[in-house]
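These notes are about the structure you will find just below.
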């Protein structure tokens, strides 16, 4: 019998596979496809203190080995997620979920995370720090370690939930940002978020996305994600949730070998609605094929090799 269960924030997850925010709606959208209770947890679609329409169309572009998106935090508001989406999901899922929160000011983050105080359905809050700080000239919160540190510190003071910081790869030194988030009180890190990319219409030269650039995700970013998780694992002591181009059970094993304690599967869900289910079902076979009986034994094993 292969053990797939992992522990996160003192909670036992049946397996480490979590659909990533923005790729699984609020969960109920996938409930007609399969029994959601197979999932370790679910990271809900990002929310903000106020409802948002998001960016103008078009905001999706296909790419080799992935896709670009510029959705723009379209959501019904944090309050609506608390009062409508989480109760609806509870009736078909029953496990604790991860709430993804964004904002355009420190106050936005503080207000949004506080909405979920006392909600026992919430395992943790994942901070999307790729939002532009409108009071800081439009620079995303996650690009400057001092700004990142401040938003994490301020959120920790007003939230009674565990805080996961979702790190941007669009920086010179992701390790420095990971350390800053940990020092500011983050309970865990998730990485990597999308890479900035662009597509043009070959006929006209016009940018395909209404925002010109968007976030690139999918299988093409997987090697970058592995390297960043590997580097961050060596330098922090809090749990890492790895993501970025995970498409198969073997990818999960590779990501956890780099140092992830759990994983989030994103773009794969948009290609194949059964992606997470198939990954979970294939994990025992893949682990057995390499002689592993407990998935926890592979966490960080890449670091056991002597670096040359």
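The values are calculated or read from the model by the stated rules, or taken from the named source; none is laboratory data. Fair warning: this is a prediction, and the values are worked out from it, not measured in the lab. Neighbour counts run over all protein chains shown; Cβ positions are idealised from the backbone, glycine included.
Residues are listed down the side, and each one gets a yes or a no for (1) farther than 24 Å from residue 147 by Cα; (2) in a helix (DSSP H, G or I); (3) under 16 Å from the mean Cα position of the chain (by Cα):
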| residue | (1), (2), (3) |
| --- | --- |
| 55 | yes, no, no |
| 92 | yes, no, no |
| 99 | no, no, yes |
| 109 | no, yes, no |
Worksheet item: Looking at this structure, is residue 11 more than 24 Å from residue 212 (Cβ to Cβ), surrounded by fewer than 22 Cβ atoms within 10 Å (Cβ to Cβ) and modelled with pLDDT under 95?
Response: no
Worksheet, complete the sentence: Flagged in the stretch 93-111 as modelled with pLDDT under 95 and surrounded by fewer than 18 Cβ atoms within 10 Å (Cβ to Cβ), in numbering order, are 94, 105
Discussion item. Taking the condition of being modelled with pLDDT under 95 and within 17 Å of residue 100 (Cα to Cα), how many residues in the stretch 134-151 meet it?
Written reply: 3
Response to the item:
Of the conditions (1) in contact with a strand residue (DSSP E or B) (Cβ under 6 Å, 6 or more places away or on another chain); (2) at pLDDT 95 or above, the single one that residue 213 does not satisfy is (2)
Worksheet item: What number of residues within the stretch 43-101 are free of Cβ contacts under 8 Å to residues at least 24 places away in the same chain and under 22 Å from residue 241 (Cα atoms)?
Response: 0
Practice prompt. Within the stretch 50-70, work out how many residues are within 19 Å of residue 102 (Cβ to Cβ) and surrounded by fewer than 18 Cβ atoms within 10 Å (Cβ to Cβ).
Written response: 7
Fill in: Positions within the stretch 262-279 being surrounded by fewer than 22 Cβ atoms within 10 Å (Cβ to Cβ) and over 19 Å from residue 62 (Cα atoms), in sequence order
274, 277, 278
Discussion item. Can you find, within the stretch 140-181, the residue that is surrounded by the fewest Cβ atoms within 10 Å (Cβ to Cβ) among those that are in a loop (DSSP other than H, G, I, E, B) and in contact with a strand residue (DSSP E or B) (Cβ under 7 Å, 6 or more places away or on another chain)?
Written reply: 170
Discussion item. Condition (residue is surrounded by 15 or more Cβ atoms within 10 Å (Cβ to Cβ), in contact (Cβ under 8 Å) with a residue 12 or more places away in the chain and touching a strand residue (DSSP E or B) at 6+ places or on another chain (Cβ under 6 Å)) applied to the stretch 26-40: is it met by at least one residue?
Written reply: yes
Worksheet item: Is the stretch 71-83 home to any residue that is surrounded by 14 or more Cβ atoms within 10 Å (Cβ to Cβ) and within 22 Å of residue 222 (Cβ to Cβ)?
Response: yes
Fill in: Every pair of residues 6+ apart whose Cβ atoms lie under 8 Å, when the first sits in the stretch 282-302 and is more than 16 Å from residue 263 (Cα to Cα) while the second is modelled with pLDDT under 95 and surrounded by fewer than 13 Cβ atoms within 10 Å (Cβ to Cβ)
293/1
Fill in: Subset of the stretch 196-227 that is more than 16 Å from residue 23 (Cβ to Cβ) and part of a strand (DSSP E or B) - its residue that is nearest to the chain's Cα centre (by Cα)
196
Worksheet item: Could you list, in sequence order, the residues of the stretch 228-253 that are part of a helix (DSSP H, G or I) and either surrounded by fewer than 21 Cβ atoms within 10 Å (Cβ to Cβ) or modelled with pLDDT under 95 (or both)?
Response: 230, 231, 249, 250, 253
